[in-house]
1. Determine which aspartates and glutamates satisfy two conditions relative to Lys131: a Cα distance under 18 Å, and not lying fewer than 8 residues away in the same chain.
2. Please give every one of the lysines within straight-line cross-link reach of Lys38, meaning a C-alpha to C-alpha distance under 29 Å, and leave out same-chain neighbours fewer than 8 residues apart.
3. What are the ³J(HN,Hα) couplings of region 33-40, residue after residue, when phi is run through the Karplus curve with 6.51, -1.76, 1.60 and θ = phi - 60°? Round to Hz, x for glycine and proline.
4. Taking θ = phi - 60°, what integer Hz values does the Karplus form 6.51 cos²θ - 1.76 cosθ + 1.60 yield along region 253-260, in sequence order, with x for Gly and Pro?
5. How large is the Rg to Rh ratio of the chain when both quantities use alpha carbon positions and Rh follows Kirkwood?
6. Mind listing the phi-derived Karplus ³J(HN,Hα) values for region 151-164, rounded to whole Hz, using 6.51, -1.76 and 1.60 with θ = phi - 60°, and x for any glycine or proline?
Amino acid sequence: MNSTARSVLVTGAGGFIGRNLLLEMTKRGWHTRGAVRKQSILPDGVEQVVIGEVDGQTQWEDALRGADTVIHLAARAHVLHDTAEDPIAAFRNVNVAGARKLAHEAALSGVKRLVYVSSVGVQGLQTQLGKPCSEIDPPHPHNAYARSKLEAEQALMLESRESGMEVVIVRPPLVYGAGAPGNFDHMMRALLKRIPLPFGSVRNLRSLIYVHNLVDALIVCASHPAAAGQVYLVSDGEDVSTPGLLHYLSSAMGIHERIWACPVSLLKLAGHLAGRAGQVDRLIESLQIDSGKIRRELDWKPPFTLQQGLQATGERYRKVRP
């Protein structure tokens with residue numbers, strides 16, 4: 001399929017993934033438009049449309065005009081200390097009602113395909129070591145955020161059946177790269193500050209995806225005929241332990257990591273007492289995914305290996321945050 005004739009709307013365009021995606025799609029000849037909540041700095045060549053908050057009342061007409069493809073990134077993300085009175089309602093307002101409204105208006109405007117970026121959290125919080133999850137496993141969302149992402153997937157598939165607009169669901173694990181927000185940024189800061197980290201006893205394996213690998217996968221999902229109606233798990237294809245991840249990143253930044261061994265049981269207890277059980281679990285438990293389906297059906301191969309992605313991330317991070 002010739003991407004030079006395609007016009008795409010990317011929601012959440014001002015975010016970490018959105019900027020990288022729009023930059024690459026513009027390079028590949030797509031006509032690109034980014035939807036943002038408020039005025040943002042987007043890559044050269046990208047048309048910007050300010051749509052305000054994303055919910056069931058968002059007006060998408062201007063943003064959708066002329067687009068034949070939508071990649072929906074905008075979402076209310078998981079937050080560590082949620083101050084909403086009713087967190088699941090807040091997640092549903094943005095992630096479910098917002099996605100449903102966008103999909104309905106997209107179908108009416110003539111959009112042919114909508115790619116929805118969901119989350120591996122739909123699969124569950126963890127997997128047994130050496131037993132990766134796949135798309136055929138029953139969903140097991142572990143928190144309000146993950147439940148809202150699954151409900152959004154279901155709403156979009158219903159819209160697809162009713163309207164005929166093609167929908168593709170992509171469930172990535174942790175997305176890393178220079179500028180990644182959240183827990184990954186916190187970890188990088190800790191490494192740069194030479195803070196001793198207590199993960200020497202952790203024996204886990206986790207699937208990750210480099211942002212440029214995810215961008216490539218999303219472009220394939222937006223254009224490959226066989227992707228219509230499918231759900232895909234995506235990853236770098238190589239899993240890494242938490243100590244291994246810290247070692248790779250430290251080496252790339254030219255520093256020696258300071259890791260000490262604390263019993264995993266004590267790490268879990270400390271996480272529980274500090275109200276950060278989920279955050280600690282993501283560092284000590286395994287979460288492996290089988291991304292074979294997208295490789296087989298769409299002939300997709302990550303452009304970068306895990307080692308290349310981590311090396312580039314560490315080098316870039318050191319330059320940006322000396």
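Laboratory data are not the source of any read-out in this text; all were calculated from the coordinates shown. What you are looking at is a predicted structure, and each value in this text was computed from that prediction instead of being measured.
1. Asp236, Glu238, Asp239, Asp281, Glu285, Asp290
2. Leaving aside lysines fewer than 8 places away in the same chain, those within reach of Lys38 are Lys27, Lys101, Lys112, Lys149, Lys319.
3. 9, x, 9, 10, 6, 9, 3, 9
4. 8, x, 10, 9, 5, 10, 10, 10
5. 0.96
6. Each residue of region 151-164 in turn: 5, 5, 4, 5, 5, 5, 5, 5, 4, 4, 5, 7, 9, x Hz.
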